[in-house]
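**Student:** Here it is, the structure in full.
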2 protein chains.
Amino acid sequence: MERIFTRRPSMRDVAEASGVSAQTVSRVLSDHRNVKETTREKVLAAVEKLGYRHNNTARALVTGRSKTLGVLTLATKNYSRASLSLGIELGARDAGYTVNSVTSTMSLKGLTESVSRLLLQGVDGIILASPFREAASTIRRLTAGIPTITMGGSAGTCNGSVGIDQDQAAELATRHLLELGHKTVWHIAGPREWSDASLREESWRRTLIEAGCLLPPVLYGDWSPSSGHRNGLILGTNPKVTAILVASDEMAFGVIRALTELGLHVPKDVSVVGIDDIDLAAYSTPPLTTIRQSFEETGRRAVQHLVGLINKPGMTNLSSMSAPTLIVRGSTAPPPADWASKVCPKPHRQDCV
Amino acid sequence: MERIFTRRPSMRDVAEASGVSAQTVSRVLSDHRNVKETTREKVLAAVEKLGYRHNNTARALVTGRSKTLGVLTLATKNYSRASLSLGIELGARDAGYTVNSVTSTMSLKGLTESVSRLLLQGVDGIILASPFREAASTIRRLTAGIPTITMGGSAGTCNGSVGIDQDQAAELATRHLLELGHKTVWHIAGPREWSDASLREESWRRTLIEAGCLLPPVLYGDWSPSSGHRNGLILGTNPKVTAILVASDEMAFGVIRALTELGLHVPKDVSVVGIDDIDLAAYSTPPLTTIRQSFEETGRRAVQHLVGLINKPGMTNLSSMSAPTLIVRGSTAPPPADWASKVCPKPHRQDCV
DNA sequence: CCAATGATTGTTATCGATAACAATATGGAT
DNA sequence: ATCCATATTGTTATCGATAACAATCATTGG
């Protein structure tokens, strides 16, 4: 740490300073067993003195391992992306990897470009945290030859797949509402292109059919609170709606807001269930009943699988789904007692502010 | 794309396949001007045929430029981190860089370790998106010799600093409440270690003093909704509290929830202002008055500055702050008219569910 | 005492690209 | 025709590490 170099010191500098060969320095730094204690000390002293730091680029070139994982996410700032990224980063750190993240738009072109950029950077493996249904085959072709984990997609898309069981998530939520006594459950779904969204929608539909309920038409949002609000205004004016399953908590906030503006009470008039259990879900008015998905833990698991895949390229199609849980809070209740008989008042818009 | 290689094709393979030297291939791929059109075509054809892709590792080794930016964030999943990361990633993409992100805990040890990891990876520059006051000098020493941008920190910490004017943010919010007629404004601050939090707190204090108001004691949260809830329960039982400035929207949600549970009405009994303008702020009940900060845009700007710094290492201490704006929604109103005279009822806890 | 084994260190080649320099060809201008 | 500037291509060295192999030394068993 004493002298200032124009360039950073290299192994060779350390080697000269400690009177050994570069190879020995390399051995010391990678904890090779057969190094005499005295040389180890000499080398480490020189390392300290010169302020030497490993050059990962050079190592990556010769070993073919960059110790970097590529992560592809969609350019959104919603809760699931944030906590998934966090989990991936923590997992990567524990596994001795760093994360190279790129964002992409939800289009074939955008995805292709982003994957290429990761490949260019020489990552050791890729986590596709962008469940885009259409792109499966294209992406499979692009990522051929490099370990890849797909998140949330239906199993079998790529080498491996990690996620949360979406079938179960939507089923739990739907059943909860039915068990409260609702005749049926309406659904505000996420964008069709997202595999998670369509899996939830499918499972909601199946659950209703199995229970012998009428199947209401589906409304679609884009994960944003405002799209939830828009759809909430539509459903709120329909007196037959007593229970709504919203595909994400963020949209559910918008739905509850819309219902409140229409003068309806949640959950007395309408019950609302979200999915995700974002940090804010417990603090809305009323607190949101939702399905908890541990994105962070899922991210960590994805990294573990990917690292496994990197080290043993043999294994393919391993996949692991974790189970979501129902968190009952204040936004769900039995349907209004007088529901069948009551005259439905024409709802009016009303600001509660 | 026809044959399957055990290893990826290199420039040499392309060179042989197209009958030129490796250097010429390099020239073609980096758009060098002096290359004959016919050779360019030959080379590009071979590139296509072999499915060649640049090896950035090798290039980084020889050029000393990895075209990668390191980003250090704290291990949280709140809105500001998510949208800041997004802005940084988009900015980096536009500038032809990729992003290597590491998360860190809020401790000197954690930060040091994380910065080292970035340095090891050979990033061209670093964005410190973790405004940790204490660590300034340590980090300055660690990042000596590599372009670095500090976000949100007070100016002068490192080479450059980019952020949002926190003084202005807290002042806008406080003034808004005072102008509505509140005698004073209470404050739930963020953790003291965060420079953003302490800047906001300072500015709130200054604004109150300048306006000749009484200075209430500060409460501290940790950015989480639950810490807001905890502090909200405290302030809600104090009848003197009519206006609260909460250091983040997420905590503000917790505060509003707590006040509601105490049977208080927001904003009739108590006004609440948040900071950030998260996507959900417009959809709470009541919708949240807050200070908008464009994190995404700030992230992009940080990248631009950093890239400038990388290309012209001369410039130092450039810094740029953007202005926040006040967004008035439904959570603020004049104080209760009978405030001075009314007998304050002992608030009771009441679940609205 | 010698061969064999294992510990310890050094030498050389290599990863895949680009920089710097060298060489050749081409096209006017003189 | 000669020479210089420019266009085009090739050669060699290099970035900073590790792998593979070679060499030396000490120790142990026969």
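The values are calculated or read from the model by the stated rules, or taken from the named source; none is laboratory data. The shown structure was predicted, so the numbers you read here are calculated from the model rather than taken from an experiment. When we count neighbours, we look across all protein chains shown, and the Cβ atoms used for this are built from the backbone with ideal geometry, even at glycine. With ligands, DNA and RNA removed, areas are computed over all heavy atoms of the protein, side chains included. Shrake-Rupley method; radii C 1.70, N 1.55, O 1.52, S 1.80 Å.
**Student:** Look at A:LYS49 and say whether it is more than 14 Å from DNA strand C (Cβ to nearest atom), open to solvent by 80 Å² or more (accessible area, probe 1.4 Å) and more than 13 Å from chain B (Cβ to nearest Cβ).
**Tutor:** On the way: more than 14 Å from DNA strand C (Cβ to nearest atom): yes; open to solvent by 80 Å² or more (accessible area, probe 1.4 Å): yes; more than 13 Å from chain B (Cβ to nearest Cβ): yes.
Yes; evaluated as a whole, the condition is true for this residue.
**Student:** To continue, here is another question. Among (1) more than 12 Å from DNA strand D (Cβ to nearest atom); (2) open to solvent by 80 Å² or more (accessible area, probe 1.4 Å), where does A:ARG65 come up short?
**Tutor:** That leaves (1) as the condition not met.
**Student:** Could you go through region A:152-169 and let me know if any residue there is within 14 Å of chain B (Cβ to nearest Cβ) and more than 30 Å from B:ARG7 (Cα to Cα).
**Tutor:** We begin by selecting, within region A:152-169, every residue within 14 Å of chain B (Cβ to nearest Cβ); these are none.
No, region A:152-169 contains no residue that is within 14 Å of chain B (Cβ to nearest Cβ) and more than 30 Å from B:ARG7 (Cα to Cα).
**Student:** Test B:SER66 against the criterion of being part of a helix (DSSP H, G or I) and within 37 Å of the chain's Cα centre (by Cα), and give yes or no. If you could, list the steps in order and put the result at the bottom.
**Tutor:** On the way: part of a helix (DSSP H, G or I): no; within 37 Å of the chain's Cα centre (by Cα): yes.
No, not satisfied.
**Student:** Same structure, new question: I'd like the residue in region B:84-127 that is of a type in the set (Val, Ile, Thr) and assigned to a helix (DSSP H, G or I) and, out of all such residues, is farthest from A:THR73 (Cα to Cα).
**Tutor:** Step one: filter region B:84-127 for residues of a type in the set (Val, Ile, Thr), giving B:88, B:98-99, B:102-103, B:105, B:112, B:115, B:123, B:126-127.
Still in the running and assigned to a helix (DSSP H, G or I): B:88, B:112, B:115.
Values: B:ILE88: 14, B:THR112: 27, B:VAL115: 24 Å.
Taking the candidates together, the pick is B:THR112.
**Student:** Still on this model: For region A:64-77, does any single residue satisfy the condition of being within 8 Å of chain B (Cβ to nearest Cβ), more than 9 Å from DNA strand C (Cβ to nearest atom), under 30 Å from A:PHE253 (Cβ atoms) and touching a residue at least 40 places away in the same chain (Cβ under 8 Å)?
**Tutor:** Scanning region A:64-77 turns up at least one residue that is within 8 Å of chain B (Cβ to nearest Cβ), more than 9 Å from DNA strand C (Cβ to nearest atom), under 30 Å from A:PHE253 (Cβ atoms) and touching a residue at least 40 places away in the same chain (Cβ under 8 Å).
**Student:** Could you check B:ARG33 against (1) within 12 Å of DNA strand C (Cβ to nearest atom); (2) more than 10 Å from chain A (Cβ to nearest Cβ); (3) open to solvent by 20 Å² or more (accessible area, probe 1.4 Å) and say which number it fails?
**Tutor:** Every condition holds for B:ARG33 apart from (1).
**Student:** Quick one: which residue in A:VAL255, A:VAL266 is at pLDDT 95 or above and in a helix (DSSP H, G or I)?
**Tutor:** Working: A:VAL266 fails: in a helix (DSSP H, G or I).
Sole residue among the options that is at pLDDT 95 or above and in a helix (DSSP H, G or I): A:VAL255.
**Student:** Go through (1) open to solvent by 80 Å² or more (accessible area, probe 1.4 Å); (2) within 12 Å of chain A (Cβ to nearest Cβ); (3) within 16 Å of DNA strand C (Cβ to nearest atom) for B:GLN23 and report which single condition fails.
**Tutor:** (2)
**Student:** If you go through region A:78-101 one residue at a time, do you hit one that is under 23 Å from A:VAL307 (Cβ atoms), among the basic types (Lys, Arg) and within 16 Å of DNA strand C (Cβ to nearest atom)?
**Tutor:** Of the residues in region A:78-101, the ones under 23 Å from A:VAL307 (Cβ atoms) are A:80-101.
The next check asks that each one be among the basic types (Lys, Arg); those that pass are A:81, A:93.
From what's left, within 16 Å of DNA strand C (Cβ to nearest atom): none.
Within region A:78-101, not a single residue is under 23 Å from A:VAL307 (Cβ atoms), among the basic types (Lys, Arg) and within 16 Å of DNA strand C (Cβ to nearest atom).
Residues checked against (1) open to solvent by 30 Å² or more (accessible area, probe 1.4 Å); (2) touching a Leu at 6+ places or on another chain (Cβ under 6 Å); (3) more than 25 Å from B:SER195 (Cα to Cα):
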position: B:PRO225; (1), (2), (3): no, yes, no
position: B:GLY232; (1), (2), (3): no, yes, no
position: B:GLY236; (1), (2), (3): no, yes, yes
position: B:ALA243; (1), (2), (3): no, yes, no
position: B:ARG257; (1), (2), (3): no, no, yes
position: B:LEU262; (1), (2), (3): no, no, yes
position: B:LYS268; (1), (2), (3): yes, no, yes
position: B:VAL272; (1), (2), (3): no, no, no
position: B:ASP277; (1), (2), (3): no, no, no
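**Student:** State the number of residues belonging to region B:166-188 that are assigned to a helix (DSSP H, G or I) and in contact (Cβ under 8 Å) with a residue 12 or more places away in the chain. Give the derivation first.
**Tutor:** The first filter runs over region B:166-188 and keeps only residues assigned to a helix (DSSP H, G or I), leaving B:166-179.
From the residues that got through so far, the ones that are in contact (Cβ under 8 Å) with a residue 12 or more places away in the chain too are B:166-178.
Of the residues in that region, 13 qualify.
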